[in-house]
Amino acid sequence: MPPDSPGPSFFGQSEEVSVILAEHRAAACRRGILAAPTGHPWPARIRRFLTTRRPVGDRGSAIIELVIVMPIVIVLLFTMVALGRYSQNKILVEQASAAAARAASLTSSPGQAQRAAQGAADATLSGAGLACAAMTVSVDTSVFRPGGQVAVTVTCTADLSSLALTGVPGSATLHSTSAAPLEAFRAFGAGS
């Protein structure tokens, strides 16, 4: 039945009431409140939901949300980069102390152990690309005897000034201590 036809009269409705109801039904179909009599596969509410635009008052709100959220995202990103750089430098200092302890354990005197540890720590850090503003290598040779051990502490002041935008201090002092055993059946010298 077309939307503008009066349709059957119910319960003794007059012809005028049927015409008015038909007009209201046709207007409701045009607005999408009622399904058209020809039949659309989707109900009117779903069609209205899919075709509804945002109200005019919400225009530009996405830009405001972006302006508010973007600085927070950028700070979080820089913080993750700063923490990554710090942890990478910490790992490099730990590797340098392990290499220095190993090099010191292969020498035959405490003096040679100090020089070997310094050279190994320098080579490890410079080979990895970490430039220390100040680096100290201290070797504990108090138990430098067969079956003993040698302990090496590497202290590096790493430059983090490239991350100054995130509030990271300009430098960080990193410490690491490693020990290596000395062979039990090897002759060691007491001198340097």
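A short reminder: the numbers here are calculations on the coordinates, not readings from a lab. Model, not experiment: these values are computed from the prediction. A quick note on method: Cβ atoms are made from the backbone with ideal geometry, for glycine too, and the neighbour counts reach across all protein chains shown.
Note on V81 and V143: their simple-model spin labels are 4.5 nm apart, each label 7 Å out from Cα toward Cβ. For segment 100-130, backbone nitrogen atoms closer than 20 Å to the point 7 Å from A179 Cα along Cα-to-C-beta are found at 100-111, 113-114, 117-118. Note on R31 and S61: with the Förster distance fixed at 45 Å, the Cβ-Cβ geometry gives a FRET efficiency of about 0.95. The value of relative contact order for segment 61-181, using C-alpha pairs under 8 Å at least six residues apart, is 27 percent. Put +1 on the Cβ of each Lys and Arg and -1 on the Cβ of each Asp and Glu in segment 61-181; which of A128, A99, V67 then has its Cα farthest toward the positive end of the dipole? Selected residue: A99. Electrostatic bookkeeping for A172 treats Lys and Arg as +1 and Asp and Glu as -1; over the other residues with beta carbon under 13 Å from its beta carbon, the sum is +1.
The Cβ shell under 13 Å around A117 holds other residues with a net charge of 0, Lys and Arg each +1, Asp and Glu each -1.
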